[in-house]
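The values are calculated or read from the model by the stated rules, or taken from the named source; none is laboratory data. The model shown is predicted, which means the values in this text are computed figures rather than measured ones. Methodologically, a virtual Cβ is constructed for each residue, glycine included, from the backbone with ideal geometry; neighbour enumeration extends over all protein chains shown.
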Amino acid sequence: MNLDFAQIVPYIPFILEGIWATLKFVSVSIVFGFILGILLALCKITKKPLLKWVADAYTSIFRGTPLILQLMIIYFAVPQLTEYDISAFLSAVLAFGLNSAAYVSEIIRGGILAVDKGQTEAAEALGVPYKPMMQNIILPQAFKNILPALMNEFITLTKESALVSTIGYLDIMRRAQIAGAGLFRNFEALLFAGLIYWVIVYVLTQIGKVIERRLRQSD
């Protein structure tokens, strides 16, 4: 086997810089997608048909088309339509955030519906307004039930972040590709990138377990 990992050592700092670039846009995307996902979930359980239809249509579109297609449309089509030269970072945040929101909304909707209806009926009987009821009673209980699913969505988003290399964003994958092309040794560079992704996902998984354990202890 023609392998020589020593040759990628000079490129290791360059590839490691991609960790910050990856985590930066992924974290912003997660926050954006989470907030939008909550709003979509609330629209899906509302009694207003128009809001429900809009939220369902949004979810259908973003779950029914490939993420890389959404990324390409935002990065290449937006400048064509608006003459605004959108950056790779903003394109990545919008594509991943909008896509994640569709999945997060379904997770949160399921969590809300899983809460005992008696909680809602009791709050309404006591005259608790809808907004405080959702914020203080329903959503906290729902989040305890859906935390594993949310963490799985965030982990999946982190792994899929490698797609941004297709638009030239200097994330972990793109930097590994550059290093591999410069050395004509792609296997070593890509394997090192895979190791970095594995470590990130492992750390996120452990963080999720700690949070879940603490939530269970607080019951």
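Pick from MET151, MET133: which is more than 20 Å from the chain's Cα centre (by Cα), buried (at least 17 other Cβ atoms within 10 Å of the Cβ), modelled with pLDDT of 80 or more and not polar (S, T, N, Q)?
Result of the check over MET151, MET133: MET133.
Going by the conditions given, is LEU215 surrounded by fewer than 17 Cβ atoms within 10 Å (Cβ to Cβ) and in contact (Cβ under 8 Å) with a residue 60 or more places away in the chain?
The answer is yes for LEU215.
For (1) of a type outside the set (Lys, Arg); (2) outside any helix (DSSP H, G or I); (3) over 20 Å from SER161 (Cα atoms), each residue gets a yes or a no:
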site: LEU40; (1), (2), (3): yes, no, yes
site: ILE73; (1), (2), (3): yes, no, no
site: TYR84; (1), (2), (3): yes, yes, yes
site: LEU90; (1), (2), (3): yes, no, no
site: PHE96; (1), (2), (3): yes, no, no
site: VAL104; (1), (2), (3): yes, no, no
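Just one of (1) of a type in the set (Asp, Glu); (2) touching a Ser or Thr at 6+ places or on another chain (Cβ under 9 Å); (3) exposed (fewer than 14 other Cβ atoms within 10 Å of the Cβ) trips up ASP171, so point out which.
If we test ASP171 against (1) of a type in the set (Asp, Glu); (2) touching a Ser or Thr at 6+ places or on another chain (Cβ under 9 Å); (3) exposed (fewer than 14 other Cβ atoms within 10 Å of the Cβ), just (3) comes out false.
Scan segment 29-66 for residues that are among the aliphatic types (A, V, I, L, M) and either on the phi > 0 side of the Ramachandran plot or surrounded by fewer than 17 Cβ atoms within 10 Å (Cβ to Cβ) (or both) and jot them down.
Within segment 29-66, VAL31, ILE35, LEU39, ILE45, LEU50, LEU51, VAL54, ALA57, ILE61 meet the criteria.
How about segment 157-193: which of its residues are under 30 Å from ALA102 (Cα atoms) and either at pLDDT below 90 or not in a helix (DSSP H, G or I) (or both)?
Matches in segment 157-193: GLY168, TYR169, LEU170, ASP171.
Just to check your reading of the model, which residue among GLU106, GLU124 is in contact with a helix residue (DSSP H, G or I) (Cβ under 8 Å, 6 or more places away or on another chain) and surrounded by fewer than 13 Cβ atoms within 10 Å (Cβ to Cβ)?
GLU124
Just for segment 94-130: of the residues that are at pLDDT 90 or above and polar (S, T, N, Q), which one is farthest from ARG214 (Cα to Cα)?
The residue in question is ASN99.
Scan segment 15-28 residue by residue and report those that are out of contact with any Phe, Trp or Tyr (no Cβ under 9 Å at 6 or more places or on another chain) and either farther than 30 Å from LEU190 by Cβ or surrounded by fewer than 20 Cβ atoms within 10 Å (Cβ to Cβ) (or both).
Within segment 15-28, LEU16, GLU17, ILE19, TRP20, LEU23, SER27 meet the criteria.
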